[in-house]
Amino acid sequence: MASKYTLIASSTVGSGGSATISFTSIPATYTDLKVVANARTDRASNNDWVKIGFNGSTSSFTYREIEGDGSTVGSYTGSGQLAFFATASSSTASTFGNAEVYIPNYTGANYKSYSVDTVTENNGTTAVASMNAGLWSNTAAITSIELTPNLGTNFVQYSTAYLYGISNS
Amino acid sequence: MPTKLIINCETGEQTEVELTDEEVAQREADAIAYAAQEAERDAAAVAKAAAKASGEAKLAALGLTAEEISAL
């Protein structure tokens with residue numbers, strides 16, 4: 001069955017930064033969704049997490065994650081909205097964390113799962129890659145997606161987010 | 001006040017809206033909860049490493065070589 005990707009919306013953070021990137025009024029006409037993001041936050045560190053939220057909810061999120069940085073590896077299970085990596089203030093200038101978040105069956109009546117493939121970019125020191133499986137234990141159809149820095153206050157200028165709709169026909 | 005960037009997928013309109021006091025408070029609470037979660041995770045990792053080192057020392061005291069211990 002052929003899949004068709006349609007760019008629903010995109011955005012680039014402006015010079016003042018943004019504390020949250022929010023896609024609202026997502027049409028229910030697709031089969032799946034994909035978020036493609038390039039993110040950097042103002043946290044005073046090498047990297048930051050980006051949290052994902054649906055429909056304004058910040059509860060009932062859990063995840064299982066594996067990660068490696070070239071010298072150490074880890075696997076974690078937790079509750080919360082941690083989804084993917086952003087670079088931060090101590091990262092090499094003009095680099096961004098990259099991520100793809102796949103959200104299947106976003107209008108279905110089951111709990112909503114999502115999978116994440118993400119990596120930081122840092123030419124100077126440790127970079128880290130991660131695969132993450134998340135679950136939002138809520139049966140509501142997803143109509144909005146919120147992306148928020150975990151510890152930074154803002155996404156910095158030129159961070160981008162693209163939302164694609166995927167149709168299986 | 002920090003702002004959030006809202007992209008309306010139906011209209012394509014993009015707006016910058018200031019966070020509400022409730023949203024700011026939620027972010028602060030989330031950061032505190034994350035710090036506690038990280039501290040718990042770090043403590044568990046330290047305890048696990050200490051237990052591993054203690055176990056290996058006891059095995060070595062029983063006469064096992066480093067190769068034998070690592071093969072377990």
- Message: Placing +1 on the Cβ of each Lys and Arg and -1 on the Cβ of each Asp and Glu in the protein assembly as shown, which of B:A43, A:V50, A:Y114 has its Cα farthest towards the positive end of the resulting dipole?
- Response: A:Y114
- Inter-chain shielding metric for B:6-19, i.e. average beta-carbon neighbours from other chains within 10 angstrom, reads 6
- One finds the C-alpha centres of region A:85-149 and region A:29-76 to be spaced, in Å, by 3
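From other protein chains only, count the Cβ atoms within 10 Å of every residue's Cβ in A:14-22, then give the mean. Please report the intermediate quantities before stating the final value.
Working: counts 4, 0, 4, 3, 7, 12, 9, 5, 7.
Mean shielding by partner chains, rounded to a whole number: 6.
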- Query: Applying the Karplus parametrisation 6.51 cos²θ - 1.76 cosθ + 1.60 with θ = phi - 60° to the phi angles of region B:55-63, what ³J(HN,Hα) value in whole Hz is obtained for each residue in order, glycine and proline being reported as x?
  - Reply: x, 5, 5, 5, 5, 5, 5, 7, x
- Relative contact order of region B:3-71: what whole-number percent is it, with Cα pairs under 8 angstrom and at least 6 residues apart? 16
- Taking a cut-off of 22 Å between Cα atoms, list the lysines near A:K34, but don't count ones fewer than 8 places away on the same chain. A:K4, A:K51, A:K112, B:K4
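Please compute the net charge surrounding B:V24, taking Lys and Arg as +1 and Asp and Glu as -1 over other residues with Cβ under 12 Å from its Cβ.
Values: positive: B:K4, B:R27; negative: B:E18, B:D21, B:E22, B:E23, B:E28, B:D30.
So the surrounding residues net to -4.
Counting only other residues whose beta carbon sits under 15 Å from that of A:S144, what net charge do I get with K and R as +1, D and E as -1? Working shown, then result.
Values: positive: A:K51, A:K112, B:K4; negative: A:E146, B:E10, B:E13, B:E23.
Combined, the nearby Lys, Arg, Asp and Glu give -1.
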- Task: Count charges around A:T62 for me, please; just the other residues with Cβ under 14 Å from its Cβ, Lys/Arg as +1, Asp/Glu as -1.
- Result: +2
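Counting Lys and Arg as +1 and Asp and Glu as -1, each charge on the Cβ, what is the dipole of region A:4-167 about the Cα centre in debye, to the nearest 20? Mind dumping the intermediate values first?
Values: 7 positive and 10 negative charges, 61 e Å.
Computed about the Cα centre, the dipole is about 300 debye.
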- Item | 12 Å reach of a label modelled at A:T12, 7 Å along Cα-to-Cβ, counting backbone N of region A:131-169 | A:157-161
- Note on the structure: Projected onto the charge dipole of the protein assembly as shown (unit charges on the beta-carbon of Lys, Arg, Asp and Glu, signs +1, +1, -1, -1), the Cα from B:G12, A:Y63, B:Q26 with the largest positive-side position is that of A:Y63
- Task: Please arrange B:L62, A:L147 by counting, for each residue, the other beta carbons lying within 10 Å of its beta carbon, fewest first.
- Result: B:L62, A:L147
- Message: For a quick check: with amide H placed at 1.01 Å from N, whose amide H comes under 5 Å from A:A9's, ignoring anything fewer than 5 positions away on the same chain?
- Response: A:L163
- Query: Once phi is turned into θ = phi - 60°, what whole-Hz ³J(HN,Hα) does the Karplus curve with 6.51, -1.76 and 1.60 give for every residue of region B:43-51, x standing for Gly and Pro?
  - Reply: 5, 5, 5, 5, 5, 5, 5, 5, 5
- Task: In vacuum, with every alpha carbon of the protein assembly as shown counted as one equal point scatterer, what does the Debye formula give for log10 I(q)/I(0) at q = 0.10, 0.13, 0.18 Å⁻¹? Two decimals, please.
- Result: -0.52, -0.81, -1.43
- If you count, for each residue, the other Cβ atoms within 10 Å and average over each peptide, how do A:73-85, B:5-17, B:43-55, A:95-107 line up from highest to lowest? A:95-107, A:73-85, B:5-17, B:43-55
- Task: Work out from phi, with θ = phi - 60° and the Karplus expression 6.51 cos²θ - 1.76 cosθ + 1.60, the ³J(HN,Hα) of each residue of region B:9-25, listed in order in whole Hz, and give x for Gly and Pro.
- Result: 6, 7, 9, x, 5, 10, 10, 9, 10, 5, 5, 7, 4, 5, 5, 5, 5
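Values in this text are rule-based calculations from the coordinates and carry no lab data. None of the values given here were measured: they were computed from a predicted structure. Note that we place each Cβ from the backbone using ideal geometry, even for glycine, and neighbour counts take in every protein chain shown.
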